[in-house]
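A.B. asks: Questions regarding the structure given below will be posed in turn.
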Amino acid sequence: MPKLMFIENEWVKSSDEKSLDVFDPSTGKVMDTVPHASKDDARRAVDAARDAFDKDNWSKLPPGDRANLLLKVASMLEQRSEEFIRLEAANSGKTLKQVTYYDWLGIVDSIRFLAGASRVLEGKAMAEYAAEGTSAIRREPVGVVACITPWNYPLMLGIQRLVPALAMGNTVVVKPPTYTPLTLIELAKVMQKVGLPKGVLNVVTGPGSEVGEELATHPGVDMVSFTGSTEVGRRLMELGSKTVKKISLELGGKAPFIVFADADIEAAVRGGVVGGLLNNAQECGAATRYYIHESIFEKYVNRLIEELQKVKIGPSLDMKSDLGPLVSDTQRMRIEEYARKGVEEGGRILRGGKRPQIPDHENGYYVEPTVIQTENHDSVIVKEEIFGPILTMLKFSSYDEVIEKSNGVIYGLTASVWTKDVTTAIRCTRDIRAGTVWVNDHFSTMPVEMPWGGCKQSGTGVEASTYSLEECTNIKHVYFDISGTQRRSWHFAVYGQKS
């Protein structure tokens, strides 16, 4: 049965009854359909969220009451874990292994952490910062938050956008990713079942160019919370500026993976496979620029290629698959075009670059991991976000050189350094401009207690951690006079004389 949208606590079709096909990347076949929302549908969702914020009591509930509802969501998801895991893998092309043992642990834990942390946000003590009065700080919900979520982590990053907003008393309109909307629709069903009030959560499906842009320009939306490409982030900032919306953006990345001469090469090789291929390499924090010290370059690259041979490419629902398909044929062709341009601009393919043949899945969107060596630091495969399994190998000879090159792109999301020297490691964490720097690892279990965000054109704001909760609030200063006098000591500055 085709999926529906969730607006004002009702499951509805698009107002013009248009729909979008949703594909299984492993087979290339249609697996479901969702409504193709019109701008009128987006406006109706905003109106519902606006009414729920302005007229109902969600924002005025004690934080513990909101948190308890969200904790019920986490428990219900946990009870239905197998169903959600399989749906997430099938719709996104992620491997069942990754969703089960990596994504899912973070999904449930994120809800529980954010719900609990929303009850104990810290702030300045109420105190006399002026001689005649006491000041206090209130953190209040922003209002209506439009969450526009990415296709590469549909459920995890959807949760890390909408849960902080809800926990802090905002009402929400979610636009799920066009390619991978199914698990967020199912999440809305869970939130409805636990008793989330009418209009507090609304889910509107459709292309970002229509639905997303309507949300970004709508005067009833107070904040846009977005994870996705830098190009779209720029567009949302432009659109949101017309009504001076609060904007939280987690955007693209082009992570350097720096291996110094003294590094544990075997650890760096295995870290390089994982860092480059996690989430089918459709990952903004993925290792993409491998800067290897010239003295160990050949050894490292040869070992990396050997380990890549062990990676099993296959359908997402096969637990033995290490690398699944890309999310769409459009994405696959984009990756292939980047490989071609990399060669045109002086690169040399050392491994991969082909479409593997997967028995009984010939129409799936598969591509082999591709290793390209280049000396051209101005090549598109060095400068631009690819979002696919192209691992670019570059030599370096000195610390200053590799830091300069690492910082020489528009992005600043993640980086990793591999060295046994503590001084080198600490210097790198200081000198590399990125929101996350790993030492002797690339990716980790990504604890929700820690923020995820970037600098430069990788965005503004963070996901996860208590900082993401703070982003979904406005700060209000409240002042209480404690002098008890009718004329304050400073009033002479406006009229009269100093007594």
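A.B. asks: Quick check on segment 443-459. Is at least one of its residues of a type in the set (Lys, Arg), out of contact with any helix residue (DSSP H, G or I) (no Cβ under 9 Å at 6 or more places or on another chain) and within 30 Å of residue 283 (Cα to Cα)?
C.D. replies: Looking through segment 443-459, at least one residue is of a type in the set (Lys, Arg), out of contact with any helix residue (DSSP H, G or I) (no Cβ under 9 Å at 6 or more places or on another chain) and within 30 Å of residue 283 (Cα to Cα).
A.B. asks: Shifting gears a bit: Mind checking whether some residue in segment 164-176 is closer than 21 Å to residue 281 by Cα and crowded, with 23+ Cβ neighbours inside 10 Å?
C.D. replies: Checking segment 164-176: at least one residue is closer than 21 Å to residue 281 by Cα and crowded, with 23+ Cβ neighbours inside 10 Å.
A.B. asks: Something else now. Could you say which residue among 350, 391 is of a type in the set (A, V, I, L, M, F, W, C), part of a strand (DSSP E or B) and surrounded by fewer than 21 Cβ atoms within 10 Å (Cβ to Cβ)?
C.D. replies: On inspection, the qualifying residue turns out to be 350.
A.B. asks: With the structure loaded, tell me whether residue 66 is in the same structural domain as residue 162 (by TED's automatic domain parsing), out of contact with any Ser or Thr (no Cβ under 9 Å at 6 or more places or on another chain) and either buried (at least 21 other Cβ atoms within 10 Å of the Cβ) or at pLDDT 95 or above (or both) or whether it fails that test.
C.D. replies: Spelling it out, it is not the case that residue 66 is in the same structural domain as residue 162 (by TED's automatic domain parsing), out of contact with any Ser or Thr (no Cβ under 9 Å at 6 or more places or on another chain) and either buried (at least 21 other Cβ atoms within 10 Å of the Cβ) or at pLDDT 95 or above (or both).
A.B. asks: Another question about this same structure. Restricting to segment 325-354, name every residue that is touching a strand residue (DSSP E or B) at 6+ places or on another chain (Cβ under 8 Å) and touching a residue at least 60 places away in the same chain (Cβ under 8 Å).
C.D. replies: Listed by number, the list holds a single entry, 328.
A.B. asks: Shifting gears a bit: Within segment 33-54, how many residues turn out to be among the charged types (D, E, K, R), crowded, with 19+ Cβ neighbours inside 10 Å and either free of Cβ contacts under 8 Å to residues at least 24 places away in the same chain or touching a Lys or Arg at 6+ places or on another chain (Cβ under 6 Å) (or both)?
C.D. replies: Qualifying residue count for the region: 0.
A.B. asks: Quick one: would you say residue 226 is surrounded by 23 or more Cβ atoms within 10 Å (Cβ to Cβ), over 22 Å from residue 313 (Cβ atoms) and aromatic (Phe, Trp, Tyr)?
C.D. replies: Yes: the conditions hold for residue 226.
A.B. asks: Right, something else. For the condition closer than 28 Å to residue 316 by Cα and surrounded by fewer than 21 Cβ atoms within 10 Å (Cβ to Cβ), what is the one hit in 368, 401?
C.D. replies: 368
A.B. asks: Please indicate, with yes or no, whether at least one residue in segment 422-445 is assigned to a strand (DSSP E or B) and surrounded by fewer than 18 Cβ atoms within 10 Å (Cβ to Cβ).
C.D. replies: Checking segment 422-445: at least one residue is assigned to a strand (DSSP E or B) and surrounded by fewer than 18 Cβ atoms within 10 Å (Cβ to Cβ).
A.B. asks: Same structure again: Give all pairs with beta carbons closer than 8 Å in which a residue from segment 419-432 that is over 17 Å from residue 264 (Cβ atoms) meets a residue that is of a type in the set (Phe, Trp, Tyr); count only pairs at least 6 apart in sequence or on separate chains.
C.D. replies: What qualifies is 427/399.
A.B. asks: Counting only residues that are in the same structural domain as residue 221 (by TED's automatic domain parsing), loosely packed, with under 13 Cβ neighbours inside 10 Å and in contact (Cβ under 8 Å) with a residue 60 or more places away in the chain, give me the strands (runs of 3 or more DSSP E) lying completely in segment 95-153 with at least 1 of them.
C.D. replies: 127-130, 133-141
A.B. asks: Does segment 406-417 contain at least one residue that is outside any loop (DSSP other than H, G, I, E, B), of a type in the set (Phe, Trp, Tyr), modelled with pLDDT of 95 or more and in contact with a helix residue (DSSP H, G or I) (Cβ under 7 Å, 6 or more places away or on another chain)?
C.D. replies: No, that holds for no residue.
A.B. asks: Among (1) on the phi < 0 side of the Ramachandran plot; (2) assigned by TED's automatic domain parsing to the domain that holds residue 318, where does residue 451 come up short?
C.D. replies: Only one criterion in (1) on the phi < 0 side of the Ramachandran plot; (2) assigned by TED's automatic domain parsing to the domain that holds residue 318 is unmet by residue 451, namely (2).
The values are calculated or read from the model by the stated rules, or taken from the named source; none is laboratory data. Predicted, not measured: the structure shown is a model, and the values here were computed from it. Using ideal geometry, Cβ is built from the backbone for each residue, glycine included, and neighbour counts are taken over all protein chains shown.
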